[in-house]
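Chemist: Below is a structure I'd like to ask you about.
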Amino acid sequence: MREIEAKEVTKTVSRLFQEACYYLPQDVVTVIKKARDAEESPVGREVLSRILENIEISAQGEVPLCQDTGDAIVFLELGQDVHIVGGDLYSAINEGVRQGYDEGYLRKSMVGRPFSARTNTKDNTPAIIYTDVVPGDKLRIIAKPKGGGAENMSRLAMLKPAQGRQGVIDFVVQAVDEAGSNPCPPVIVGVGIGGTVEKCVLLAKKALLREVGKPNPDAEVAELEREIFRRVNNLGIGPMGYGGRTTALAVHVDVFPAHIASLPVAVNMQCWCARHKEAFL
Amino acid sequence: MAKKISLPLNEETLKGLEAGDDVLLNGVIYVGRDAAHKRLIETLEHGEPLPFDIKGQTIYFMGPTPPRPGRPIGSAGPTTSGRMDSYSPRLIAEGLKGMIGKGMRSEAVKEAMTKYHAVYFGAIGGAGALAARSIKKSEVVAYEELGAEAIRRLEVADFSVTVVNDIYGGDLYDEGKAKYRRE
């Protein structure tokens, strides 16, 4: 049994959210640069150049990349030989969010009673936490601030199994088409196929954590990703919706078995500002 | 070449703007998003005056991050405009001439823009650090209790936007998409 102090978790979560909101991961920057060089639309190229300029300004550490510093999503991979001491794990994470959003001058965007009063919780808690228990004695923490604009354009469909592969492709392409300029394209399209309703959506969200543009290791799924990617970029929406050949930077699909009656498909939309940071304790 | 424009918008300026134009805004803009819009409309419904004179003005749909000491504002990019669609036509009828945001507008908003002569500008979503560079001054002028959603008055210099919807019914989203669509 390895012991990890709850206060270490708090410190780490605070640091990860601050870093995520100022420094875009290098893999994301690289695909945006590639897209800028390949984009046919002059307006689209201009938008991508300004996005790259924004990334440079933010990396000076004074002003966050985007004013929507998101809801605080935390993915944990908790080694089964880890023992958290000195406090409870989820409280430690929420304290980390509280401190990070305060110290990092990040916007607090969570509201309580979302259907009525919509009162700001003032510290961006509660965090949205998912935990997987894994072998080993480490704790992996992934902090993912997720903006509301792209999240709002996400979709779920319980397709009929008869709709099959083509049904999946059509649904995902339609979701991106209807989202249009709203989710801050170029987007990364996270797709989940299979499982139950909630499993499917979580697959789509977790697919966004993959290195951008890295294909699924399964050849059939990778081929599906390529086909959706081609169709999505043929929509013509382009950077910020002003028209162009770069509507998506990548399409990431993850798959799980499903019930004999079901073919769930989920689309979790990610704006170009695909922020996440991780650490191992 | 981007067109430099002085705010508030007048009829002559509005007539010279077309969907797709790059524009640099100079002068005063007001900031309001979901909660502030809801309050503005409730104020009008109660027959009370708005907290600022809206005639000729431009509203930026935005909720900034808190500023670091010595800075007028934090990150300050646009939010999704569609959430303001149910409020905007009423404000346009009251004299609002410009809106800045990102994402598609409803038919009702587009009709109000051609009928009363108002324009919709797109700013680059997510590029809040870049946008902040053009904001020289920021003060809360109403609904301070709404925090990041309070109404602010900004002074901007060469604030970069693109005309998405003009007074003639032009729509950059439709035109751009049609141009680059492939089968």
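The values are calculated or read from the model by the stated rules, or taken from the named source; none is laboratory data. Quantities reported herein were computed from a predicted structural model and do not represent experimental measurements. Glycine also receives a Cβ, built like all others from the backbone with ideal geometry; neighbour counts cover every protein chain displayed. In case anyone asks, the SASA skips ligands and DNA or RNA and just uses the protein heavy atoms, side chains included. Shrake-Rupley method; radii C 1.70, N 1.55, O 1.52, S 1.80 Å.
Chemist: Under the classification rounded if a/c is under 1.5, otherwise prolate if a/b is larger than b/c and oblate if not, where does chain A fall, given a ≥ b ≥ c as square roots of the Cα gyration tensor eigenvalues?
Modeler: oblate
Chemist: Name the most mobile residue of A:Ile260, A:Ile32, A:Ile169, meaning the one with the largest mean-square fluctuation, in a Gaussian network model of chain A with Cα contacts below 10 Å.
Modeler: Answer for the Gaussian network model of chain A: A:Ile260.
Chemist: In debye to the nearest 20, how big a dipole does the stretch A:17-157 give about its Cα centre with +1 on each Lys and Arg Cβ and -1 on each Asp and Glu Cβ?
Modeler: In total the dipole reaches around 480 debye.
Chemist: Now, a different point. For chain A, which DSSP H helices look membrane-span-like by this rule: Cα extent along the axis of 20 Å or more and mean Kyte-Doolittle of at least 0.0?
Modeler: Qualifying helices: A:42-58, A:164-179.
Chemist: Within the accessible area of the protein assembly as shown, what % is carbon and sulfur when the probe is 1.4 Å and the other protein chains stay in place?
Modeler: Carbon with sulfur: 51 percent of the solvent-accessible area.
Chemist: Using the Cα centre as the reference, give the magnitude of the dipole from point charges on the C-beta atoms of chain B (Lys, Arg: +1; Asp, Glu: -1; all else neutral), rounded to the nearest 20 debye.
Modeler: 600
Chemist: Which residues belonging to the stretch A:95-119 lose at least 10 Å² of 1.4 Å-probe accessible area when the assembly is complete, relative to their chain isolated?
Modeler: So the qualifying set is A:Tyr105, A:Arg107, A:Lys108.
Chemist: Considering only DSSP beta bridges where both residues belong to the protein assembly as shown, give the percentage that are antiparallel (nearest 5).
Modeler: 60
Chemist: Can you list which of the GluC sites (Glu not before Pro) found in the stretch A:1-72 are DSSP loop residues with at most 13 other C-beta atoms within 10 Å?
Modeler: The qualifying sites are A:Glu40.
Chemist: Please state the relative contact order of the stretch A:1-96 as a whole percent: Cα pairs under 8 Å, 6+ residues apart?
Modeler: The normalised contact order for the stretch A:1-96 reaches 58 percent.
Chemist: For chain B, modelled as a GNM with alpha-carbon contacts under 10 angstrom, which of B:Gly147, B:Gly95, B:Gly170 fluctuates the most?
Modeler: Maximum fluctuation in the GNM of chain B, among the listed residues, is at B:Gly147.
Chemist: Between A:Arg118, A:Arg15, A:Arg155, where does the largest GNM mean-square fluctuation fall for chain A, given springs only between Cα atoms within less than 10 Å?
Modeler: Highest fluctuation among the options: A:Arg118.
Chemist: When only Cα pairs under 8 Å and 6 or more residues apart are kept, what is the percent relative contact order across the stretch B:1-153?
Modeler: Computed over the stretch B:1-153, the figure is 25 percent.
Chemist: In vacuo Debye scattering of the stretch A:149-274, one point per C-alpha: log10 I(q)/I(0) at q = 0.10, 0.13, 0.20, 0.21 Å⁻¹?
Modeler: Calculated log10 I(q)/I(0) at the listed q: -0.26, -0.44, -1.05, -1.16.
Chemist: Here is a follow-up. Farthest toward the dipole's positive end in the protein assembly as shown, which of B:Met104, A:Ser91, B:Ala118, given Cβ charges of +1 (Lys, Arg) and -1 (Asp, Glu) about the Cα centre?
Modeler: Selected residue: B:Ala118.
Chemist: Across the stretch A:258-271, in residue order, what do the Karplus-derived ³J(HN,Hα) couplings come to in whole Hz, using 6.51 cos²θ - 1.76 cosθ + 1.60 with θ = phi - 60° and x for Gly and Pro?
Modeler: In residue order, the calculated couplings are 10, 4, 4, 8, 10, 9, x, 9, 10, 10, 10, 8, 10, 5 Hz.
Chemist: Taking the alpha-carbon distance from A:Lys144 and a cut-off under 21 Å, which lysines remain once sequence neighbours fewer than 8 residues away in the same chain are dropped?
Modeler: Reachable lysines: A:Lys7, A:Lys11, A:Lys108, A:Lys122, A:Lys199, A:Lys205, A:Lys206, A:Lys214, A:Lys277.
Chemist: Could you point to the residue in B:Thr79, B:Pro69, B:Val31 farthest towards the positive end of the stretch B:1-90's charge dipole, with +1 and -1 charges on the Cβ of Lys/Arg and Asp/Glu respectively?
Modeler: Value: B:Pro69.
Chemist: Go through the stretch A:122-221 and name the GluC sites (Glu not before Pro) that are in a DSSP coil and have 15 or fewer other Cβ atoms within 10 Å of their Cβ.
Modeler: A:Glu211
Chemist: Among the trypsin sites (Lys or Arg not before Pro) in the stretch B:16-108, which ones are in a DSSP loop with at most 13 other Cβ atoms within 10 Å of the Cβ? Mind listing them?
Modeler: Those satisfying the criteria are B:Lys55.
Chemist: Okay, next question. Checking the a/c ratio against 1.5 first, then a/b against b/c, what shape does the Cα gyration tensor give for the stretch A:79-174?
Modeler: oblate
Chemist: Amide H neighbours of B:Lys3 under 5 Å, counting only residues 5+ apart in sequence or on other chains, H built in-plane at 1.01 Å?
Modeler: Here the answer is B:Asp22, B:Val23, B:Leu24, since their amide H atoms fall under 5 Å of that of B:Lys3.
Chemist: Give me, ordered by chain and number, the residues 5 or more places off A:Ile129 or on other chains with an amide H under 5 Å from its own placed amide H.
Modeler: A:Val74
Chemist: Follow-up. Can you run phi through the Karplus equation (6.51, -1.76, 1.60; θ = phi - 60°) for the stretch A:118-133 and list ³J(HN,Hα) in whole Hz, with x for Gly and Pro?
Modeler: 6, 8, 5, 6, 6, 9, 6, 8, x, 5, 9, 10, 10, 10, 10, 8
Chemist: Related question: Could you do me a favour and compute the accessible area per residue for chain A, 1.4 Å probe, result in Å²?
Modeler: Details: 11650 Å² over 281 residues.
Value returned for chain A: 41 Å² of accessible area per residue.
Chemist: Hey, what do the phi angles of the stretch B:68-75 turn into as Karplus ³J(HN,Hα) couplings, whole Hz, using 6.51/-1.76/1.60 and θ = phi - 60°, x for Gly and Pro?
Modeler: 6, x, x, 10, x, 7, x, 5
Chemist: Next question, about the same structure. Cross-link partners among aspartates and glutamates for B:Lys136, C-alpha distance below 14 Å, same-chain residues fewer than 8 apart left out?
Modeler: Once the sequence-local aspartates and glutamates are set aside, what remains near B:Lys136 is B:Glu155, B:Asp158.
Chemist: What quantity of accessible surface, computed with a 1.4 Å probe and excluding non-protein components, is buried in total between chains A and B, in Å² to the nearest 100?
Modeler: 3600
Chemist: Once amide H atoms are built 1.01 Å from N in the peptide plane, which residues 5 or more positions from B:Gly56, or in another chain, come under 5 Å H to H?
Modeler: Placed amide hydrogens put B:Leu96, B:Lys97 under 5 Å from B:Gly56.
Chemist: Using a cut-off of 16 Å between alpha-carbon atoms, which lysines can reach B:Lys55, once sequence neighbours fewer than 8 places away in the same chain are excluded?
Modeler: Once the sequence-local lysines are set aside, what remains near B:Lys55 is B:Lys97, B:Lys115.
Chemist: Now, a different point. Accessible area drop of at least 40 Å² (1.4 Å probe, protein heavy atoms): which residues of the stretch A:38-77 qualify, relative to the chain alone?
Modeler: A:Arg50, A:Asn54, A:Ile57, A:Glu62, A:Val63, A:Gln67
Chemist: Mind putting a number on the dipole of the protein assembly as shown about its Cα centre? Charges go on the C-beta only, +1 for Lys and Arg and -1 for Asp and Glu, and I need it in Debye to the nearest 20.
Modeler: 260
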